[in-house]
Amino acid sequence: MNVEHLLNVFTSIDPNSANVWDACCYFMEHLYWHKRWLVMLGPKIEGLPDDHPSKPQCLFRLSWLFEGVGNNMEYKQLLTCTLKLYQGQGNHSLVAQTLRFIASANRILGLPREGIQQAREALEIYKQSNDISGQGHTWQELAWLLYEDNQLDAAEEAASNAIDLLSDPSDQFIVCECYHALGNIYHLRGKKEETINHFETALRIATTFNWHGKLFWIHYSMAEVFSNEGGFDDACIHIELAKSHAINDMYLLARTTHLQATFWHRQHRFKEAKSRALDAANVFEKLGAARDLEVCKGLLQDIEMEMNKPMA
């Protein structure tokens, strides 16, 4: 908070200083990776003139913080503003990067077809510039988008394309993401052995690099798999493992609370399920995580209906 206050003072004294805004970018990136919260600098960043050289990068980093707390509408809006600025500058590499992130935002918002179009635009730019890493990143995003759109064969092909392209150690995070995606794809196909194998491959990579965020989501996915098949004991083990990697992240902890509520709902433990779902809903509302809040309210309605059913 002291750092944020100092940056707020410095940007007020000299709003045209590129060095101060560069420091803001690094600060927001640090917050995203280590302690996610929204900064008071947002209105100042959005109020910068469009021709300010630091504005697009600051908007880009600010968008990450909104994504980190689950406010994905604001995440997409800030990225859209960033895209227009980079397009005006004619910076094709950063246009492609921003398109890829907007595609990701659309996936999270439940708009996979819109995201697929943007990812394909980004992929064409990366191909024209022979950017192999950019292509691999975009194939990975396409895999998730196609999975969300239930185009499973195309999703598997996209994930495989990314894995084949990315051999550099610096790209192992994306390879890990692809194996995670493949696990979800095979889960939808009803192939449990292949599902678990892909998740375990993703876990091995993430564990090697101690990627807490990635470990959280892989364990979260494995909890969903076991829960859907009635293996609640195994599901609870993975939920606890997911929690251990959330590291006091309010949004991630709320996601596990919501998932725990769904487990108890399926087990007809309605009072416990309702209590946990209410806890999750309160956090989602506080963070502005609208889509998660909507899903959580749907679960609460289902629980209330079950609780109010007349006894047979």
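Cross-link partners among aspartates and glutamates for Lys191, C-alpha distance below 16 Å, same-chain residues fewer than 8 apart left out?
Asp153, Glu156, Glu200, Glu224, Glu229
Want the number for Phe232 to Asp164: 0.36 nm per residue separation, take away the alpha-carbon distance, what's left?
Taking 0.36 nm per residue and subtracting the Cα distance, the gain is 20.9 nm.
Over region 210-312, what is the mean sequence separation of C-alpha contacts under 8 Å (at least six apart), divided by residue count, expressed as relative contact order in percent?
20
Subtract the Cα-Cα distance of Asn282 and Gln117 from 0.36 nm times their separation in residues, and report this length gain in nm to one decimal.
Contour length minus the Cα-Cα distance gives 56.0 nm.
Just report the Cα centroid separation between region 146-194 and region 92-109, whole Å.
Spelled out, the Cα-based centre of one part sits 19 Å from the other.
Which net charge results for the neighbourhood of Thr138, defined as the other residues with beta-carbon distances under 13 angstrom from its beta-carbon, given Lys and Arg at +1 and Asp and Glu at -1?
So the surrounding residues net to -2.
Could you work out the relative contact order of the chain, using alpha carbon pairs under 8 angstrom and six or more residues apart, expressed as a whole percent?
Across the chain, relative contact order equals 10 percent.
For the chain, what is the calculated [θ] at 222 nm in deg cm²/dmol (nearest 500), taking -39500 (n - 2.57) for each run of four or more DSSP H residues and dividing by its residue count?
After summing the helix terms and dividing by residue count, I get -26500 deg cm²/dmol.
Take the cross-link list Lys192/Lys286; Lys76/Lys274; Lys44/Lys76; Lys84/Lys214; Lys243/Lys309 and give me the ones stretching past 25 Å between alpha-carbons.
Beyond 25 Å: Lys192/Lys286; Lys76/Lys274; Lys84/Lys214; Lys243/Lys309.
Mind sorting out which of (i) 59, 40, 37; (ii) 59, 50, 38; (iii) 70, 43, 34 is the real Cα extents along the principal axes in Å computed from the coordinates?
(iii)
Rule-based calculations on the coordinates, nothing more; no lab input. Keep in mind that this is a model prediction, so the values were computed, not measured. Counting neighbours? That spans all protein chains shown, and the Cβs are built from the backbone with ideal geometry, glycine included.
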